[in-house]
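S.K.: I have a structure here, written as structure tokens, and I will follow up with some questions on it.
The values are calculated or read from the model by the stated rules, or taken from the named source; none is laboratory data. Keep in mind it's a predicted model, so treat the numbers as computed, not measured. Cβ atoms come from the backbone with ideal geometry, glycine included; neighbour counts cover every protein chain shown. The protein model used for the area step is the full one, side chains on, heavy atoms only, and it has no ligands, DNA or RNA in it. Shrake-Rupley method; radii C 1.70, N 1.55, O 1.52, S 1.80 Å.
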Amino acid sequence: MNLLINKIINKFKSLNLLSFGFFSGLGLTIDLVIFSTLIYLGVSIFFSNVTAGFFAVSFVYFSSAKYTFIHDSKFLLTKFVGYIFFNIFRVYILSILIVFLTGFLDVIPLYPKIFVIPFSLYMNFLFMNALMTNKIRFY
């Protein structure tokens, strides 16, 4: 019986990760479109990344909370504030890294942005999972 329960739990975890990945992919599309548009318009790399990140993070949070973690609580907005603070820190650090890598590698800003995406996605999933389930887990 425990083996069956563990299989079901593992399946649920992988579905959560896939679902979160789907919404993160949509968020990434939002992020890259806004980032590229702002860069094209001459906005600084840092500000472009912060602005694009805010819109993408907001989309991922609300869609994942509802459809991935099935979280329908009155505390959803309160948790969003915590999620925003986490992502301010995450996006700030990654923005500095993107600016550094752009200059260091002498490439267009989109390449370093794409380079940091897997790390960013994993950090975001771990934090969102902990926020929605009140449990810290590393997958």
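S.K.: Does the stretch 95-106 hold any residues that are open to solvent by less than 50 Å² (accessible area, probe 1.4 Å) and under 16 Å from SER36 (Cα atoms), and which are they?
M.R.: Those that are open to solvent by less than 50 Å² (accessible area, probe 1.4 Å) and under 16 Å from SER36 (Cα atoms): SER95, ILE98, THR102.
S.K.: Further, regarding this structure: Looking at the stretch 57-75, is at least one residue over 20 Å from PHE125 (Cβ atoms), in a helix (DSSP H, G or I) and modelled with pLDDT of 85 or more?
M.R.: No, every residue in the stretch 57-75 fails to be over 20 Å from PHE125 (Cβ atoms), in a helix (DSSP H, G or I) and modelled with pLDDT of 85 or more.
S.K.: Which of the residues that make up the stretch 66-94 are open to solvent by less than 80 Å² (accessible area, probe 1.4 Å) and touching a residue at least 24 places away in the same chain (Cβ under 8 Å)?
M.R.: Scanning the stretch 66-94 gives THR68, PHE69, HIS71, LYS79, GLY82, TYR83, ILE84, PHE86, ASN87, ARG90, VAL91, LEU94.
S.K.: Okay, next question. Can you tell me how many residues in the stretch 34-62 are over 27 Å from MET132 (Cβ atoms) and open to solvent by 60 Å² or more (accessible area, probe 1.4 Å)?
M.R.: 7
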